[in-house]
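Below: the structure, in C-alpha cells.
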Amino acid sequence: MKLERLISITYALLNNEVISASEFANKYQVSQRTIYRDIEAICAAGIPVVSYQGVNGGYGIIKEYKMEKTLLHDNDIESLITLLHSTATVFKDEGATETMHRLQTIQKDKMPSLTMDLGSWRANNESLHTLRAAITTRQVIRFEYMNSKNERARRIVEPVSLLFKYYSWYLHGYCRVRKDYRVFKLTRMIDLVTLPEIYPCIHSAFLQDLSLDYRKDEIVGAVLHFSGRSLAHALDCFYAEDKYFNEDGTLTITIINPSEAERLVEMILSFGEDVEVLEPLSLRQMLKVKIEKMLNRYPQV
C-alpha cells in the first residue's frame with residue numbers, strides 16, 4: 001500500500017500541481033506526518049520535490065523536471081492517452097483518468113493529434129456501467145433479448161467483455177440457455193439484472209477467436225447512383241467505398257465488399273428518390289418488393 005501511495009503521489013506531483021500535505025492526507029486516509037515521510041522518500045529517490053509556502057502552498061516538482069520516457073515512443077503514449085480518454089468518457093473511470101494524467105506528464109508540451117469520444121455516441125450508459133461491473137466481478141447477468149428475427153427470449157449469461165463495433169456496443173459472453181458463447185447487441189437487451197452468483201474465470205480462450213460477422217444473403221458488389229441533393233449523406237454512409245463524381249453533380253458509388261442485403265436495402269431506402277441502384281438486378285428486385293409492400297400500407301392515400 002505504501003509503494004502504491006508513493007507512486008500515486010509522484011505522478012500527481014509530476015503534473016506540476018501544488019498539493020498540500022493535508023490534501024494528500026485526506027486522499028489517502030493517512031496522517032500528515034506520514035505524507036511528510038513519503039515526500040522525503042520521493043526526494044531520496046532523486047525526484048526534485050520542492051515546498052511552496054503561503055496560503056496556497058504545498059508540494060510540487062520543479063517545472064524543468066521531465067519523466068523518463070524511453071520505454072514508450074510518442075505515438076505509443078498518444079495512442080494510450082486516446083484510448084484511456086475514450087474509456088473515461090464512457091464509463092467515468094477514475095482509474096483510467098488518473099492513468100491518463102500520468103501519461104500526459106510525459107509529453108506535456110505536445111498537442112494530441114487524435115481524440116476520440118465514445119461517450120458522445122448514443123448508448124445506454126447505465127447498461128454499460130452495469131455490464132462492466134458484472135464483468136469485473138464475474139457476476140452472472142439476466143436479461144430479455146430481441147434477436148434479428150424479432151424473437152424475444154430470456155437469457156442468463158456469464159459476461160466476458162464489451163466491444164464497440166459497427167457503430168454499436170456488443171456484449172460477449174457464455175449463454176447458459178444456448179450452452180455456448182454468444183454476442184449480444186446492447187440496444188436489444190431489455191430488463192438487465194445482475195445476479196449475485198459468481199462464475200469461475202474460465203473464458204480467456206474464448207476472446208481469441210470471436211467475430212461479429214454473421215452476414216447472410218450477401219450482395220457481392222453493387223453500383224449506386226446518387227443525386228446532387230444527397231452527396232453528404234452518401235459519403236457518410238459509404239465513406240470507404242469507391243466513389244466517382246460525375247460532371248452533372250451526381251455521384252456513383254461502387255460497393256465492392258460483401259454486405260448484408262437487408263441492411264443495405266434499409267440504407268438505400270433512407271435516400272428516398274435520391275438514389276438508384278444500377279446493379280445488380282437482384283438488389284433492384286429486392287428494393288422493388290420492399291417499396292411495393294410499403295405502398296400497400298397506404299391504399300387509400
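The values are calculated or read from the model by the stated rules, or taken from the named source; none is laboratory data. It should be emphasised that the depicted structure is a prediction, and the values quoted were computed from it without experimental measurement. Cβ atoms come from the backbone with ideal geometry, glycine included; neighbour counts cover every protein chain shown.
Miscellaneous remarks
- All positions within the range 270-286 that are under 17 Å from residue 233 (Cβ atoms) and in contact with a strand residue (DSSP E or B) (Cβ under 9 Å, 6 or more places away or on another chain): 271, 274, 275, 276, 277
- Residue match in the range 54-64 (condition: assigned to a helix (DSSP H, G or I), within 36 Å of the chain's Cα centre (by Cα) and modelled with pLDDT of 80 or more): no
- Yes/no for residue 6 being within 30 Å of residue 169 (Cα to Cα), of a type in the set (A, V, I, L, M) and either modelled with pLDDT of 85 or more or surrounded by 12 or more Cβ atoms within 10 Å (Cβ to Cβ) (or both): no
- Long-range neighbours under 6 Å by Cβ, at least six apart or interchain, first residue on the phi > 0 side of the Ramachandran plot within the range 239-255, second surrounded by 11 or more Cβ atoms within 10 Å (Cβ to Cβ): 249/228
- Among the residues of the range 16-53, those that are assigned to a loop (DSSP other than H, G, I, E, B) and in contact with a Gly (Cβ under 9 Å, 6 or more places away or on another chain) comprise 16, 17, 18, 20.
- Some residue of the range 134-144 being outside any loop (DSSP other than H, G, I, E, B), touching a Gly at 6+ places or on another chain (Cβ under 6 Å), among the aliphatic types (A, V, I, L, M) and closer than 19 Å to residue 197 by Cβ: no
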